[in-house]
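**Q** First the structure, which I've put down as structure tokens, then a few questions once you've had a look.
The values are calculated or read from the model by the stated rules, or taken from the named source; none is laboratory data. Source: prediction; values computed, not measured. Please note: Cβ atoms are built from the backbone with ideal geometry, for glycine as well, and neighbour counts cover all protein chains shown. Keep in mind that these areas ignore ligands, DNA and RNA; they rest on the heavy atoms of the full protein, side chains included. Shrake-Rupley method; radii C 1.70, N 1.55, O 1.52, S 1.80 Å.
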Amino acid sequence: MSGDVITTDAVIIGGGPCGLFAIFELGLLDIKCHVVDILDKPGGQCAELYPEKPIYDIPALPEVSGQELTDRLMEQASPFDPQYHYSQMVTELIKHGDNDFELKTDGGMTFRAKVVVIAAGGGSFMPKKPPMPGIADFEDTSVFYSVREMEKFRGKDILIVGGGDSALDWVNNLQPIAKSMTLLHRRPEFRAAPDSVNKMRAIEDAGKMKFQLGQVTELLGDNGQLTGIKGKNKEGEFELACDTMLPFFGLTMKLGPVADWGLNLEENLIPVDTEKFETSVPGIFAIGDINNYPGKLKLILSGFHEAALMAQQAFRYINPGERLRFQYTTSSSSLQKKLGVK
Amino acid sequence: MTKITFVEHNGKEHTVDVENDMTLMEAAVKNMVPGIDADCGGACACATCHVYVEPDWVEKTGDREETEEDMLDFAFDVQENSRLSCQIKISEALDGLVVKLPEKQF
Ligand SMILES: Cc1cc2nc3c(=O)[nH]c(=O)nc-3n(C[C@H](O)[C@H](O)[C@H](O)COP(=O)(O)OP(=O)(O)OC[C@H]3O[C@@H](n4cnc5c(N)ncnc54)[C@H](O)[C@@H]3O)c2cc1C
Ligand code: FES
């Protein structure tokens, strides 16, 4: 995945509903897209925060769940063969010249694009960091919030904290290469796929890992090297030895790197015009929850409208001098061809 | 109207009058009480609206439902009296309720 530079027309930062619809609107104008999202799946807030909740204000869909809306947007975008890159955060956005942008991700990918669409919503979904004194000193040496390279954890005394899918998956996946594995969770029930829970129980029964009921209260060690933790449960306090800790408490939205791209943010939002939804840097657009303009409503339907207008200006940058013909999908045979209508 | 007191981690108190049928989370957000993030807007999907109900009030605020119990796995320092404030509906019976806020919703 890393190393080579991917050259494309457009990079969309964020695969929430607005980013997904932007693929469609750009696709109708023959603009090819790559989409990068820090989540491991498409849908942004709809998929991460409320996949099962019904939404009632999507035009012509009287009731649709967050997940179903995501699935439908993916289907609608699919004729344009977008390339999705999940579990990657865009960390850098550099302008090299007119219609020449470079983007880098924390996963080592590099893109070169003619236009950039920031559809970053409420910001990046980032792992929650337990608010414990001194935890920052251990981060990236002994405390990790995600696993990028499993090899890094070989031969370690690992403590995993949490009871969701991530916690259980990593107990199961890292146990074979760890020196020792302990799972710490506040209750004996787990909010994870029954399959992973059974697998963990089997490993526990085989004596290859330990389950400890309780919550972490204090980190032990110094100079960035963890030696153990203090914890508590109903019975009282306890200590666990470990040199590596992986806390999995879910995700929360933080603005993240968007703040560093020189876009004149106002109250963590990117100001745009309402004709092209362009930022202060020509060729960089912002749509959906991340942008702001007089009268802005943070609604999915607003983001859809913004995507359509943004695409018009993106076309002009990518095809200078070419006339943009306004067409309906119902009647234009060229649009229907692009959509694969038979 | 029902009187509710939110106590920040540093001891600062915020007493607000709220309309019945709102959730405790909405009451905090509407009155700009700091310390309730409510990322998911009350969908019981983020655990950033964690509060500690004062012991005297635990019974009156009711039991946690299963989804709330599950979601509390994503809160920090969960105690017997921990609740997700978006899951508590305000009614006259809660007049005078006192809840404490954690140091951070993280
Ligand atoms: C509980 C709840 C209920 C809602 N109900 C409704 C409703 O009924 N109707 C309605 O219209 N709206 C509703 N909304 C709001 C709606 O979900 C948002 O308006 C919508 O999700 C915004 O879409 P978006 O594509 O702009 O951003 P998001 O959905 O926020 O997606 C942005 C994506 O960008 C990613 N990202 C950010 N920065 C980076 C980066 N640097 N690199 C890589 N990826 C990045 C994020 O990880 C995220 O996945 C609701 C929201 C919530 C929380
Ligand atoms: S507001 Fe998200 S769980 Fe209560």
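**Q** Taking segment B:85-96, which residues are closer than 17 Å to B:LYS30 by Cα and not in a loop (DSSP other than H, G, I, E, B)?
**A** Here is the first cut: in segment B:85-96, the residues closer than 17 Å to B:LYS30 by Cα are B:85-91.
Within segment B:85-96, B:SER85, B:CYS86, B:GLN87, B:LYS89 qualify.
**Q** Regarding A:ILE203, is this residue away from chain B (no Cβ under 14 Å) and buried (at least 20 other Cβ atoms within 10 Å of the Cβ)? Quick ask: steps written out before the conclusion?
**A** Details: away from chain B (no Cβ under 14 Å): yes; buried (at least 20 other Cβ atoms within 10 Å of the Cβ): no.
No; evaluated as a whole, the condition is false for this residue.
**Q** Then there's this: Just to check your reading of the model, which residue among A:LYS298, A:LYS254 is within 30 Å of A:TRP170 (Cα to Cα) and open to solvent by 70 Å² or more (accessible area, probe 1.4 Å)?
**A** Values: A:LYS298 fails: within 30 Å of A:TRP170 (Cα to Cα).
From the options A:LYS298, A:LYS254, the qualifying one is A:LYS254.
**Q** I've got another one for you. Filter segment B:34-51 down to residues that are surrounded by fewer than 20 Cβ atoms within 10 Å (Cβ to Cβ) and over 20 Å from A:GLU52 (Cα atoms) and give me whichever is farthest from ligand 1 (Cβ to nearest atom).
**A** B:PRO34
**Q** Moving on to the next point. I'd like the residue in segment A:173-200 that is buried (at least 16 other Cβ atoms within 10 Å of the Cβ) and in a loop (DSSP other than H, G, I, E, B) and, out of all such residues, is nearest to the other protein chains (Cβ to nearest Cβ).
**A** Kept after step one, since they are buried (at least 16 other Cβ atoms within 10 Å of the Cβ), are these residues of segment A:173-200: A:174-175, A:178, A:180-187, A:190-192, A:196-197, A:199-200.
Pick out the ones that are also in a loop (DSSP other than H, G, I, E, B) and you get A:178, A:186-187, A:190, A:192.
On the way: A:ALA178: 22, A:ARG186: 5, A:ARG187: 8, A:PHE190: 8, A:ALA192: 9 Å.
Ranking the candidates gives A:ARG186 first.
**Q** Given the residues A:PHE80, A:PHE101, which is the only one that is within 20 Å of A:PRO257 (Cα to Cα), more than 9 Å from ligand 1 (Cβ to nearest atom), in contact (Cβ under 8 Å) with a residue 24 or more places away in the chain and more than 14 Å from chain B (Cβ to nearest Cβ)? Reasoning before the result, please.
**A** Working: A:PHE80 fails: within 20 Å of A:PRO257 (Cα to Cα).
The match here is A:PHE101.
**Q** May I pose another question? Can you confirm whether A:MET74 is touching a Pro at 6+ places or on another chain (Cβ under 7 Å), within 14 Å of ligand 1 (Cβ to nearest atom), open to solvent by 40 Å² or more (accessible area, probe 1.4 Å) and not in a loop (DSSP other than H, G, I, E, B)? Steps first, answer last, please.
**A** On the way: touching a Pro at 6+ places or on another chain (Cβ under 7 Å): yes; within 14 Å of ligand 1 (Cβ to nearest atom): yes; open to solvent by 40 Å² or more (accessible area, probe 1.4 Å): yes; not in a loop (DSSP other than H, G, I, E, B): yes.
Against the criterion (touching a Pro at 6+ places or on another chain (Cβ under 7 Å), within 14 Å of ligand 1 (Cβ to nearest atom), open to solvent by 40 Å² or more (accessible area, probe 1.4 Å) and not in a loop (DSSP other than H, G, I, E, B)), A:MET74 qualifies.
**Q** Among the numbered conditions (1) within 13 Å of ligand 2 (Cβ to nearest atom); (2) among the basic types (Lys, Arg); (3) under 26 Å from A:PRO131 (Cα atoms), tell me where B:LYS100 comes up short.
**A** Of everything listed in (1) within 13 Å of ligand 2 (Cβ to nearest atom); (2) among the basic types (Lys, Arg); (3) under 26 Å from A:PRO131 (Cα atoms), B:LYS100 misses just condition (1).
**Q** Additional query: Return yes or no: is A:GLU52 within 16 Å of ligand 2 (Cβ to nearest atom), of a type in the set (Asp, Glu) and assigned by TED's automatic domain parsing to the domain that holds A:SER333?
**A** Numbers: within 16 Å of ligand 2 (Cβ to nearest atom): yes; of a type in the set (Asp, Glu): yes; assigned by TED's automatic domain parsing to the domain that holds A:SER333: yes.
When the stated conditions are applied, A:GLU52 passes them.
**Q** Let me ask you something else. Say we look at segment A:109-133 and pick out the residues that are open to solvent by 40 Å² or more (accessible area, probe 1.4 Å) and modelled with pLDDT under 95; which of these is nearest to A:GLU306 (Cα to Cα)?
**A** Within segment A:109-133, the first condition is being open to solvent by 40 Å² or more (accessible area, probe 1.4 Å), and the residues that meet it are A:112, A:114, A:126-127, A:129, A:133.
Right, trim to modelled with pLDDT under 95 and you get A:126-127, A:129, A:133.
Details: A:MET126: 26, A:PRO127: 29, A:LYS129: 34, A:PRO133: 43 Å.
Looking at residues that are open to solvent by 40 Å² or more (accessible area, probe 1.4 Å) and modelled with pLDDT under 95, I get A:MET126.
**Q** Show the residue pairs that are 6+ apart or on different chains and have beta-carbon atoms under 7 Å apart, the first residue being within segment A:296-310 and in the same structural domain as A:TYR328 (by TED's automatic domain parsing), the second being open to solvent by 60 Å² or more (accessible area, probe 1.4 Å).
**A** A:LEU299/A:ASP57; A:LEU301/A:ASP57; A:LEU301/A:PRO59; A:LEU309/A:GLU275
**Q** Just the residues that are touching a residue at least 12 places away in the same chain (Cβ under 8 Å) and assigned to a loop (DSSP other than H, G, I, E, B), please, taken from segment A:328-342.
**A** Quick first cut of segment A:328-342, residues touching a residue at least 12 places away in the same chain (Cβ under 8 Å) only: A:329, A:335, A:338-340.
Answer for segment A:328-342, where residues must be touching a residue at least 12 places away in the same chain (Cβ under 8 Å) and assigned to a loop (DSSP other than H, G, I, E, B): A:THR329, A:LEU339, A:GLY340.
**Q** Residues in segment A:243-266: is at least one more than 14 Å from chain B (Cβ to nearest Cβ), away from ligand 1 (no atom under 16 Å from the Cβ), without any contact (Cβ under 8 Å) to a residue 40 or more places away in the chain and closer than 24 Å to B:ASP39 by Cβ?
**A** Taking every residue of segment A:243-266 in turn, at least one turns out to be more than 14 Å from chain B (Cβ to nearest Cβ), away from ligand 1 (no atom under 16 Å from the Cβ), without any contact (Cβ under 8 Å) to a residue 40 or more places away in the chain and closer than 24 Å to B:ASP39 by Cβ.
**Q** Would you check which residues across segment A:275-295 are free of Cβ contacts under 8 Å to residues at least 40 places away in the same chain, touching a helix residue (DSSP H, G or I) at 6+ places or on another chain (Cβ under 8 Å) and not in a strand (DSSP E or B) and list them?
**A** Matches in segment A:275-295: A:GLU275, A:LYS276, A:PHE277.
**Q** Right, here's the next one. Evaluate the following for A:GLY321: is it within 24 Å of A:LYS95 (Cα to Cα), within 16 Å of ligand 1 (Cβ to nearest atom) and assigned to a loop (DSSP other than H, G, I, E, B)? Show your work before the answer.
**A** Details: within 24 Å of A:LYS95 (Cα to Cα): yes; within 16 Å of ligand 1 (Cβ to nearest atom): no; assigned to a loop (DSSP other than H, G, I, E, B): yes.
For A:GLY321, the condition - within 24 Å of A:LYS95 (Cα to Cα), within 16 Å of ligand 1 (Cβ to nearest atom) and assigned to a loop (DSSP other than H, G, I, E, B) - is not met.
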